[in-house]
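**Q** Starting off with a structure, shown below.
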Amino acid sequence: MTTTKIRIATTSLAGCFGCHMSFLDMDERLVALLEHVEFNRSPLTDIKHCDPCDIGLVEGGLCNAENIKVLREFRANCKILIAMGACAINGGVPAMRNHFDLRECLEEVYINGTGVEQPQIPNDTELPLLLDKVRPLSDVVQVDYYLPGCPPSANDFLRILSQLLEGKQAVIPANSFHFD
Amino acid sequence: MQNTIIIDGQEIIFKDGQTIMDAALAAKIYIPHLCHYPGLTPHGNCKLCTVNLGGKSVSACTTPAMSGQQISNNTAELNEARTTVTQMLFIEGDHICPSCEKTGNCKLQAMAYHLGMLDEHFSPFYPRREIDASHPAILLDRSRCILCDLCVRASREIDGKNVFAIAGRGIAAHLIVNSSSGKLVDSDIDVSDLATNICPVGAILIKEQSYTIPIGKRIYDQQTIVEVGLQEAISEKTKHDHD
């Protein structure tokens, strides 16, 4: 009955893949979950583009033009979009670069950095353009659910997915989540 | 006849001179608060303790208790307003919990947990404010300051010093250090001062201590802000030590 499975897409934008690793911490519980869900576009499947999906899980904030393109593809294809983890919700650790001008960051890394040879700021046309500031997902698209944590625990993922699989609204009670 | 007020239908006794907050805490009723600390003069600036008194919104920490008051506190409407206030405090400053040494010990974070605040709703400001790392033992990161004024009052009222003040107005308001250079190193602040230790967020930190207790075993990993808030008071010993 694969046709009735809930279709999930996942991606990591300006994140560290920690949320994805934590998702996989479900370990053997993933086997039971896979009886009810199938993965579409995701680093777990290596599928490169979204088909229409039921749930999109997006890790990381927005630091470049490609992140925005991917996020818009997710929003256009996913009935329910979940911002997973601190970076997706408020920019997180990558947003610490917002304390500095973008040029300052690039010069620090590629011109003045320790051990840099042939200093130059990369400008290949294939590289996505960096945004002036790292932004949360909700600055660009409507987000349906927020799953805080750095990362959210495997139990957090299971709980929100279980609720959604049952067709319920996801509820994350007060004092049941962490931002760190 | 005893002086009594009613909070969420519960009648409690108050003493003359107590505020609604004083009376509530004495009766073990929690009214959310960030800028209030029992033992310091109330300031009424964070607005988390807003309660409904006869149809009017008032700050519980600054409003005197008066016999017969009917007060609503723990209502969905007030908690929603408190969540919005907390979200605004988050986005106006730099509150990236995973990178902050105060995480787990932070009252702003614990307030968000208490109110069930999953996101910040508003677009973040990502402000750039001056960091003062001049002092060998104490760090001041203004980007995390919520202008609660607790350090200002603790320094003046308990430590017997006058290390801090709030300068500027509106969005330009910021914490300043009363020293010739404006730097902490030239002030008379000490690590043991209440002003150093009372910061509810990660704006004033004691250096080289932040990770002695690991994340996951910190104050609000073990207790809720309600439990902590009902226990807090400046001990007579602290007051006496600083006399």
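**Q** Under a GNM of chain B (C-alpha, springs under 10 Å), which listed residue has the highest mean-square fluctuation: B:MET111, B:MET66, B:MET21?
**A** Per the Cα network of chain B with a 10 Å cutoff, B:MET66 tops the list.
**Q** Sticking with this one: Excluding B:ASN52 itself, what net charge comes from residues whose Cβ is under 15 Å from its Cβ, given Lys and Arg +1 and Asp and Glu -1?
**A** On the way: positive: B:LYS47, B:LYS56, B:ARG82; negative: B:ASP8, B:GLU77, B:GLU80.
Once positives and negatives cancel, what remains is 0.
**Q** Just going by the charge dipole of the range A:97-162, with Lys and Arg at +1 and Asp and Glu at -1 on Cβ, which of A:LEU102, A:VAL134, A:TYR145 is farthest out on the positive end?
**A** Of the listed residues, the answer is A:TYR145.
**Q** Taking chain A as a Gaussian network, Cα atoms linked when under 10 Å apart, which of A:ASN90, A:ASN67, A:ASN155 shows the biggest mean-square fluctuation?
**A** In this elastic network of chain A, the residue with the biggest mean-square fluctuation among A:ASN90, A:ASN67, A:ASN155 is A:ASN155.
**Q** May I pose another question? Under the definition of partner shielding as Cβ atoms of other protein chains within 10 Å of a residue Cβ, what is the mean value for peptide B:46-52?
**A** Counting Cβ atoms of other protein chains within 10 Å of each residue's Cβ and averaging gives 0.
**Q** If you place +1 on the Cβ of every Lys and Arg, -1 on the Cβ of every Asp and Glu, and leave all else neutral, what size is the dipole of the range B:78-241 about its Cα centre, to the nearest 20 Debye?
**A** On the way: 17 positive and 22 negative charges, 30 e Å.
The calculated dipole for the range B:78-241 is roughly 140 debye.
**Q** Given the options A:ARG103, A:ARG135, A:ARG159, which has the most mean-square fluctuation in a GNM of chain A, springs set between C-alpha atoms less than 10 angstrom apart?
**A** Among A:ARG103, A:ARG135, A:ARG159, the largest mean-square fluctuation in the Gaussian network model of chain A belongs to A:ARG103.
**Q** Return the percentage of antiparallel bridges among DSSP beta bridges fully within the protein assembly as shown, rounded to the nearest 5 %.
**A** Bridges in the protein assembly as shown that DSSP calls antiparallel: roughly 55 percent.
**Q** Hey, another quick one. Give, in whole angstrom and from largest to smallest, the semi-axes √(5λ) of the equivalent ellipsoid of the protein assembly as shown, with λ running over the eigenvalues of the Cα gyration tensor.
**A** The answer is 42, 30, 17 Å, longest axis first.
**Q** Can you list, by residue number, the Cys in chain B that have no neighbouring cysteine C-beta under 4.7 Å?
**A** So far as the 4.7 Å Cβ criterion goes, B:CYS49, B:CYS61, B:CYS97, B:CYS100, B:CYS106, B:CYS145, B:CYS151, B:CYS199 stand without a partner in chain B.
**Q** Something else: Quote the FRET efficiency, to the nearest 0.05, computed for A:ASP46 versus B:SER210 with a Förster distance R0 of 45 Å and r equal to the Cβ-Cβ distance.
**A** Plugging the Cβ-Cβ distance into 1/(1 + (r/R0)^6) gives 0.65.
**Q** I'd like the FRET efficiency for A:ILE111 and B:MET88, computed as 1/(1 + (r/R0)^6) with the beta carbon distance as r and R0 of 45 Å, rounded to 0.05.
**A** Efficiency computed from Cβ-Cβ geometry: 0.75.
**Q** Would you mind getting me the FRET efficiency between B:LYS56 and B:ASN79? Use the beta-carbon distance for r and R0 = 22 Å, nearest 0.05.
**A** Working: r = 18 Å, r/R0 = 0.81.
E between B:LYS56 and B:ASN79, to the nearest 0.05, is 0.80.
**Q** Can you give the net charge of the other residues whose Cβ lies under 15 Å from the Cβ of A:ILE111, counting K and R as +1 and D and E as -1?
**A** For residues surrounding A:ILE111, the net value is -4.
**Q** Can you give the Rg/Rh ratio of chain B, where Rg is from the C-alpha atoms and Rh is the Kirkwood radius? Intermediate results must be reported in sequence, preceding the final value.
**A** On the way: Rg = 18.2 Å, Rh = 18.9 Å.
The Rg/Rh ratio comes out at 0.97.
**Q** Sequence neighbours fewer than 8 away in the same chain don't count; with that in mind, list the lysines whose C-alpha is under 28 Å from B:LYS47.
**A** In chain and number order, the partners are B:LYS15, B:LYS28, B:LYS56, B:LYS102, B:LYS107, B:LYS161, B:LYS239.
**Q** Taking only the alpha-carbon positions of the range B:4-74 and ignoring solvent, what does the Debye formula give for the base-10 log of I(q)/I(0) at q = 0.13 Å⁻¹?
**A** The Debye formula, applied to the Cα set alone, gives -0.29.
**Q** Can you give the average number of partner chain beta-carbon atoms within 10 Å of each beta-carbon in peptide B:117-123, as a whole number?
**A** Taking the mean over all residues of the peptide, I get 6.
**Q** When the dipole is taken about the Cα centre of chain A, and only Lys, Arg (+1) and Asp, Glu (-1) are charged at their Cβ, what size is it in debye, to the nearest 20? Please list the in-between numbers first.
**A** Working: 15 positive and 24 negative charges, 128 e Å.
Dipole about the Cα centre, nearest 20: 620 debye.
**Q** Can you give me the distance in nm between label points at B:ALA167 and A:LEU34, each placed 7 Å from the Cα along the Cα-to-Cβ direction?
**A** Placing both labels 7 Å beyond Cα along the Cβ direction yields 6.2 nm.
**Q** Beyond 20 Å, what percent of the Cα pairs of chain A remain? Walk me through the numbers before you get to the answer.
**A** Numbers: 8985 of 16110 pairs.
It works out to 56 percent of all Cα pairs.
**Q** Under a cut-off of 21 Å between alpha-carbon atoms, report the lysines in cross-link reach of A:LYS168, not counting same-chain residues fewer than 8 places apart.
**A** Straight-line reach from A:LYS168, under 21 Å: A:LYS5, A:LYS79.
**Q** Per DSSP H run of n ≥ 4, the term is -39500 (n - 2.57); total these for the protein assembly as shown, divide by its residue number, and report the mean residue ellipticity at 222 nm rounded to 500 deg cm²/dmol.
**A** Per the formula, -7000 deg cm²/dmol.
**Q** How much length is gained if the chain between A:SER176 and A:VAL140 is pulled fully straight, taking 0.36 nm per residue apart and subtracting their Cα-Cα distance, in nm to one decimal?
**A** Computed gain between A:SER176 and A:VAL140 is 10.2 nm.
All of the numbers you see were taken from the coordinates with simple rules; none came from a lab. This structure is a prediction, so every number in the text was calculated from the model and none was measured. Positions of Cβ are backbone-derived with ideal geometry, glycine not excepted, and every protein chain shown enters the neighbour counts.
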